[in-house]
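Heads up: the structure comes next, in structure tokens.
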Amino acid sequence: MIGLEAAFPYIDTHTAGHPTRAVLGGIPPLHGRSVREKREDFERRFDHLRSALLHEPRGHAAMVGLIPVPSEVADFGAIFISSYVYLGMCGHGTIGLAKTLAFTGAISQESGDRFTLETPAGVVDVRVEWHEDGRLGAVSLKNVPAYRRFEGLEVDVEGVGAVRTDILYSGMWYAMVDADQLGVALTPDTASANLALGWKIKQAIADVTDGLPEMLGLPAPSVLFYSNLGQGHSRQFLVLAPNKYDRSPCGTGTCARLAQLLLRGELSDTDTYRAENIFGVPFTAELAEKSEVAGTTGYSVIVRGEAHLISQGTLYLEKGDPLSKGFLSR
């Protein structure tokens, strides 16, 4: 088409409210054998496409993108990109990918009820449930092992005082913060206030953890507020940036939260954990197995949720557009 620099076909889904934009074409071939190497090549050479495809006017601060890539060790490969950072693993995005694969016919009842996915954090096992009419139902993924790096880390937060947190890894880093102890309500009406508070806490944690070898190459721990609703049942609100929170309960964050509950002895190895977002839409999680990771106990968690289709189309970059690279207002 005359006047176009590039075109990118895409499918948008949401998983418990949080978007996943699968970019199905238009990305130049990426160098590297592993998905991690391909992600590093994308970041090095095509980071301008991340902002163009995810930021306004084509997206927004909360948009998460997914670029399918070939894998030498799994059925599929995927690079997860977001409005601010690159992700090692993304639970809601993996569930969204399964929905996209089912919609395009890449997986079906005939192809079975499982596939493997190589992510920058490692290979995850994905199981899918099919309705009798062939529609995709719930999706379960066995995540990379979660483990705890800090227990009871105390940080001083301006205007708040001392905040205690456990910091765990589950493909990304998460700082667990008890919302009840801070008197924080996790509701849609308090989202803006919780973003401001969570960002202060995240900055304080980043000052303490900056430069630690195991955290190099990944963003600082995001703040996962949790509020207990009963035995094995919590509400979760994940603060990613001053203007960005995870609309879902957060798939990898739920894995980290279950690992924390197991380490504390608040749940047993056979219990199921239910995490809901501020809209009451849940993920469930259960322990698959334990292993030794980074000199400590790792918890491989299966998290289960469901994605829904939003739209299908093509994103264009037009010659002469002064905002073709995208923008974010913070």
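Using a 10 Å cut-off around each Cβ, can you sort 87, 218 from fewest to most neighbouring Cβ atoms?
By the 10 Å Cβ count, ascending: 218, 87.
Stick to Cα atoms and the Kirkwood definition of Rh, then tell me Rg/Rh for the chain.
Rg/Rh for the chain comes to 0.96.
Top mean-square fluctuation among 219, 145, 29, Gaussian network model of the chain, C-alpha springs under 10 Å?
29
Compute the distance in nm between two label points, each set 7 Å from the Cα along the Cα-to-Cβ direction, one at residue 46 and one at residue 185.
It works out to 4.6 nm between the two label points.
Sort 284, 187, 254 so the one with the fewest other Cβ atoms within 10 Å of its own Cβ comes first.
Ranked by crowding around the Cβ, least crowded first: 187, 284, 254.
So how far, in whole Å, is the C-alpha centre of region 55-92 from the one of region 138-212?
Between the Cα centre of region 55-92 and that of region 138-212, the gap is 22 Å.
Counting only pairs 8 or more residues apart or on different chains, how many lysine pairs in the chain have their Cα atoms under 22 Å apart?
Going through the chain pair by pair, I get 6.
Give, rounded to the nearest 20 debye, the magnitude of the charge dipole that region 141-248 has about its Cα centre when Lys and Arg contribute +1 at Cβ and Asp and Glu contribute -1 at Cβ.
Dipole of region 141-248, to the nearest 20 debye: 400 debye.
Only four residue types carry charge here, +1 at the Cβ of Lys and Arg and -1 at the Cβ of Asp and Glu. Report the dipole size of region 189-330 about the Cα centre in Debye, rounded to the nearest 20.
Working: 13 positive and 15 negative charges, 88 e Å.
In debye, rounded to 20, region 189-330 gives about 420.
Per 0.36 nm of contour for each residue apart, how much would the distance between residue 37 and residue 311 grow if the chain were fully extended, relative to their Cα-Cα spacing?
95.6 nm
Listing 304, 127 from the residue with the fewest other Cβ atoms within 10 Å to the one with the most, what is the order? Don't skip to the end; give the middle numbers.
Working: 304 20, 127 16.
Starting with the residue having the fewest Cβ neighbours, the order is 127, 304.
List the relative contact order of region 183-330 as a percent without decimals, with contacts defined as Cα pairs under 8 Å and 6+ residues apart.
Taking the mean separation of contacting Cα pairs over the length of region 183-330, I get 17 percent.
Taking loop as defined by DSSP and a crowding limit of 16 other beta carbons within 10 Å, which GluC sites (Glu not before Pro) in region 138-217 fit?
158
How big is the gap, in Å, between the Cα center of region 27-51 and the Cα center of region 245-315?
28
Nearest 500 deg cm²/dmol is fine: what mean residue ellipticity at 222 nm does the chain get from its DSSP H runs of n ≥ 4 alone, each adding -39,500 (n - 2.57), divided by its residue count?
-7000 deg cm²/dmol
Bear in mind that the values in this text are calculations on the coordinates, not laboratory data. Source: prediction; values computed, not measured. Every residue, glycine among them, receives a Cβ derived from its backbone with ideal geometry; neighbour counts consider all protein chains shown.
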